[in-house]
Amino acid sequence: MQALANSRTFVYDSLEDQDFFDTEKFRQRYEDWVANLCGNLGYKTRRALFKNMMSGDIWLHNGCLKISPSRHVKLEAWDAIDADDVILSLDNSPEKIGSGLRLALSRCR
């Protein structure tokens with residue numbers, strides 16, 4: 001729950017939203033993120049970092065969490081698997097939300 005509380009949120013089409021999705025800034029932040037992960041986690045190559053990485057999206061809207069697992073299609077590319085979304089209420093206990101997150105991650109391919 002703390003990770004969710006620490007996450008960024010955006011108002012659609014706000015200046016912050018537009019800045020975050022600016023192509024050049026996004027590309028640079030992505031490269032910085034990859035370098036940071038490799039350094040902090042001890043990976044020597046991008047390939048080693050991404051080989052078994054799972055990915056998903058978490059959306060918060062009107063008190064509901066939607067956790068969407070992804071399918072690993074290329075080394076640094078994932079596709080959504082919409083049929084496998086896990087939807088939870090923020091009113092659920094941390095244990096229930098953790099269980100939902102584990103379920104969503106188990107659906108990553």
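The values are calculated or read from the model by the stated rules, or taken from the named source; none is laboratory data. Note that the coordinates shown come from a computational prediction; the quantities given were computed from them, not determined experimentally. Cβ placement follows ideal geometry from the backbone for every residue including glycine, while neighbour counts extend to all protein chains displayed.
In segment 41-81, how many are under 30 Å from D91 (Cβ atoms) and either of a type in the set (G, A, S) or in contact with a helix residue (DSSP H, G or I) (Cβ under 8 Å, 6 or more places away or on another chain) (or both)?
Total meeting the criteria: 12.
Within segment 2-54, how many residues are on the phi > 0 side of the Ramachandran plot and not small (G, A, S)?
So the count comes out to 1.
Looking only at residues in segment 28-53 that are closer than 24 Å to C108 by Cα and basic (K, R), which one is surrounded by the most Cβ atoms within 10 Å (Cβ to Cβ)?
The extreme case among them is R46.
Can you find a residue that is touching a Phe, Trp or Tyr at 6+ places or on another chain (Cβ under 6 Å), free of Cβ contacts under 8 Å to residues at least 40 places away in the same chain and surrounded by fewer than 13 Cβ atoms within 10 Å (Cβ to Cβ) anywhere in segment 91-104?
Scanning segment 91-104, I find no residue that is touching a Phe, Trp or Tyr at 6+ places or on another chain (Cβ under 6 Å), free of Cβ contacts under 8 Å to residues at least 40 places away in the same chain and surrounded by fewer than 13 Cβ atoms within 10 Å (Cβ to Cβ), so the answer is no.
Of all residues in segment 82-109, which are small (G, A, S) and more than 17 Å from D57 (Cβ to Cβ)?
Passing the criteria: S89, S93, G98, S99.
Looking at segment 29-78, which of its residues are farther than 25 Å from L103 by Cβ and β-branched (V, I, T)?
V34, T45
Return the pair list, or none, for Cβ contacts closer than 8 Å from residues in segment 74-87 that are in contact (Cβ under 8 Å) with a residue 24 or more places away in the chain to residues that are surrounded by 12 or more Cβ atoms within 10 Å (Cβ to Cβ) and of a type in the set (F, W, Y), at least 6 apart or on different chains.
L75/F50; E76/F50
Could we say that N62 is surrounded by fewer than 10 Cβ atoms within 10 Å (Cβ to Cβ), at pLDDT 95 or above and more than 19 Å from S106 (Cα to Cα) here?
When the stated conditions are applied, N62 does not pass them.
Does segment 28-80 hold any residues that are under 21 Å from A3 (Cβ atoms), in a strand (DSSP E or B) and either more than 13 Å from the chain's Cα centre (by Cα) or of a type in the set (S, T, N, Q) (or both), and which are they?
The answer is H61, C64, S68, S70.
I'd like to check something: does segment 7-15 contain any residue that is surrounded by 10 or more Cβ atoms within 10 Å (Cβ to Cβ), over 29 Å from R102 (Cβ atoms) and at pLDDT below 95?
Within segment 7-15, one or more residues are surrounded by 10 or more Cβ atoms within 10 Å (Cβ to Cβ), over 29 Å from R102 (Cβ atoms) and at pLDDT below 95.
Take K25 and tell me if it is surrounded by 11 or more Cβ atoms within 10 Å (Cβ to Cβ), under 20 Å from A104 (Cα atoms), among the charged types (D, E, K, R) and over 15 Å from the mean Cα position of the chain (by Cα).
Judged against the criteria, K25 is not a match.
Output the residues belonging to segment 1-22 that are part of a loop (DSSP other than H, G, I, E, B) and among the acidic types (D, E).
Those that are part of a loop (DSSP other than H, G, I, E, B) and among the acidic types (D, E): D13, D22.
How many of the residues making up segment 40-94 are in contact with a strand residue (DSSP E or B) (Cβ under 7 Å, 6 or more places away or on another chain) and of a type in the set (S, T, Y)?
4
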